[in-house]
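First comes the structure, then the notes that go with it.
What follows draws every value from the coordinates through simple rules; no lab data is involved. Keep in mind it's a predicted model, so treat the numbers as computed, not measured. Here the Cβ is made from the backbone with ideal geometry for all residues, glycine too, and neighbour counts use every protein chain on show.
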Amino acid sequence: MLAPSYATPKEQFAYTLFAIYCAFVFLFLIGPILVIIPLSFSSEPWFTYPLPGVSLRWYEDFFFNERWRVAIQNSAIVAFFSTILATALGTLAALGLARGNVPFQGLIMSILISPMIVPVVIVAVAMFFGFAAVGLNNTYIGLIMAHAILATPFVVITVTATLTGFDRSLTRAAASLGAAPWTTFRMVTLPLIAPGVTSGALFAFVTSWDEVVVALFLSSPEQRTLPRQMFSGIREQISPTITAAATFLVVFAALLMATIELLRRRSERLRGSGIA
């Protein structure tokens, strides 16, 4: 963080101190995560510094071992379909709540975002008993629905924030020209709120991809996801392959978060130019 050219020496000193403080906070937050990355390249099956050697053996085991490969496949399948379901439900809910004339709007919004407020263990136990009553435990459908429930609040919040600066005169103009409601949504509304919808979908994907508690309650060994496989590996046998899996998750999540930030900036530019 650089001080502006017109800043006084005292202000420049304050900017420097603030930049140092931010750097320490940043290192404090990501330090425990970064420690895992070098360990994933260790040539020996123990966690020590300095590394006894450098090797890709744990990444080879992660990508080619049958257990890990199936876990990655299950996580991708569940995250993909739960993201589609959560994005559709969350976008429709946000559009409905944004109209402003919805009775009990605050109560409905509180209910919609409750899965991200209530402790996930409570949600998982409730889902376990609820899904068991309808035979959805230990099924892909049940796990996808559960992850969609957890991810929908992120879509609702993101799309609602995007709709804050939405110019509704555009939809009224489209309707006055004879466009049907679906045509108005597809041709006018959706392109303008697309950054928010995409950001919400990415948040939903990350939520499902990293979720482990609900997966422990609802999934069978056949539906074992990557986080559950990591959890089981820690309990049953601590293997350095877990560090490779953790590094993969960190890098993957970082790329998704960078994409979300780019979409957020694009949405701000559109609102600043009066397009959205």
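See the values below:
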| read-out | value |
| --- | --- |
| Farthest toward positive dipole pole in the chain [+1 Lys/Arg, -1 Asp/Glu at C-beta], among Gly53, Thr139, Pro115 | Pro115 |
| Relative exposure of Ile141, Ile37, Ile72, Ile193, judged by other C-beta atoms within 10 Å (fewest first) | Ile141, Ile37, Ile72, Ile193 |
| CD proxy at 222 nm, helix term only [per DSSP H run n ≥ 4: -39500 (n - 2.57); per residue of the chain; nearest 500] | -24000 deg cm²/dmol |
| DSSP H segments from the chain that extend 30 Å or more along their own axis, Cα-based, with Kyte-Doolittle mean of 0.0 or above | 9-39, 66-97, 140-163, 241-272 |
| Cα-centred dipole magnitude for the chain, charges only on beta-carbon of K, R (+1) and D, E (-1), debye, nearest 20 | 800 |
| Centre separation in Å (Cα based) which lies between the stretch 56-104 and the stretch 128-204 | 13 |
| Peptides 89-96, 20-27 ordered by average Cβ neighbours within 10 Å, highest first | 89-96, 20-27 |
| Kirkwood hydrodynamic radius of the stretch 67-272, from inverse mean 1/r over distinct Cα pairs, in Å | 18.4 |
| Ranked packing of 166-173, 213-220, most packed first, by mean Cβ within 10 Å | 213-220, 166-173 |
| Charge dipole (the stretch 67-272, unit charges on Cβ, about Cα centre) - positive-most of Pro240, Val159, Ala79 | Val159 |
| Exposure proxy order (Cβ contacts within 10 Å, fewest to most) of Thr243, Thr8, Thr152 | Thr8, Thr243, Thr152 |
| Label-to-label distance, nm, for residues given as Leu29 and Leu190 (7 Å Cα→Cβ offset) | 3.5 |
